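Down below is the structure, laid out as structure tokens.
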Amino acid sequence: MKRTRIFTALLAAGLALMATSCGTSDYLESLQLTSSGGSSGGNFFNLAGVDGTVQLQVNAVYHSGKSINVTNDSTWTVTPVGCATTADNPAYVCNGVLPPPTLLPPYGPDTVPINKTGMMTGIVQMCTWTDAETMVNGTLTPDSPAVWEYTGYYQVTATYRNFTSNPVGVGVGVTASDDFAGCGPS
């Protein structure tokens with residue numbers, strides 16, 4: 001009789017634990033890539049000026065709602081998209097005007113490296129922005145104040161434990177352009 005009561009008590013305790021969801025594991029649902037520093041608009045950012053920086057941060061978002069910073073444990077994928085002007089070729093590009101467009105240089109340690117802590121730095125001399133222009137009496141005139149448009153950008157994603165984050169776009173304004181307003185938002 002005593003053994004039956006002990007067994008019944010243990011069974012009731014086990015059922016109570018299962019009913020309260022105690023012992024269920026939390027699991028990774030997604031990654032969220034955010035940024036601070038540099039000028040920004042939505043999921044687009046700018047490396048403004050020589051050695052301009054943008055701090056990227058990767059958060060692992062779990063089923064329970066908790067969020068953990070995993071920036072130092074993440075890997076980066078950076079894809080160049082579009083065109084740029086360079087110090088050697090400051091003419092407007094990607095708008096049908098000669099000379100032909102200059103493709104963005106590939107991601108690497110000499111262009112826009114990202115260190116282990118997620119700091120992205122603009123090193124290569126280029127501009128991935130153009131000031132929108134208005135046709136006035138047959139002449140293109142830059143808007144004042146400047147209305148910046150991308151000619152290209154680096155698309156960045158982070159990977160952690162086989163999850164890939166949302167992409168962010170990073171423009172580069174690490175050189176003066178032939179634009180009246182400089183190169184990109186500051």
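Only the coordinates and a few stated rules stand behind these numbers; no lab work does. The model shown is predicted, which means the values in this text are computed figures rather than measured ones. Heads up, the Cβs are rebuilt from the backbone with ideal geometry, glycines too, and the neighbour counts pull from every protein chain shown.
Laid out as a table, the results:
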| quantity | calculated |
| --- | --- |
| Amide hydrogen neighbours beyond the local backbone of residue 52, cut-off 5 Å, H modeled | 122 |
| Separation of the residue 44 and residue 77 label points, Cα + 7 Å toward Cβ, nm | 2.2 nm |
| Phi-based couplings in Hz for region 152-164 (Karplus 6.51, -1.76, 1.60; Gly and Pro marked x) | x, 6, 9, 8, 10, 10, 10, 10, 8, 6, 6, 9, 10 |
| Residue-count net charge about residue 161 - beta-carbon cut-off 14 Å; Lys, Arg +1, Asp, Glu -1 | -3 |
| Potential lengthening between residue 115 and residue 62 on full extension [0.36 nm per residue; Cα-Cα distance subtracted] | 16.6 nm |
| Modelled FRET efficiency - R0 45 Å, residue 147 with residue 29, Cβ distances, 0.05 increments | 0.70 |
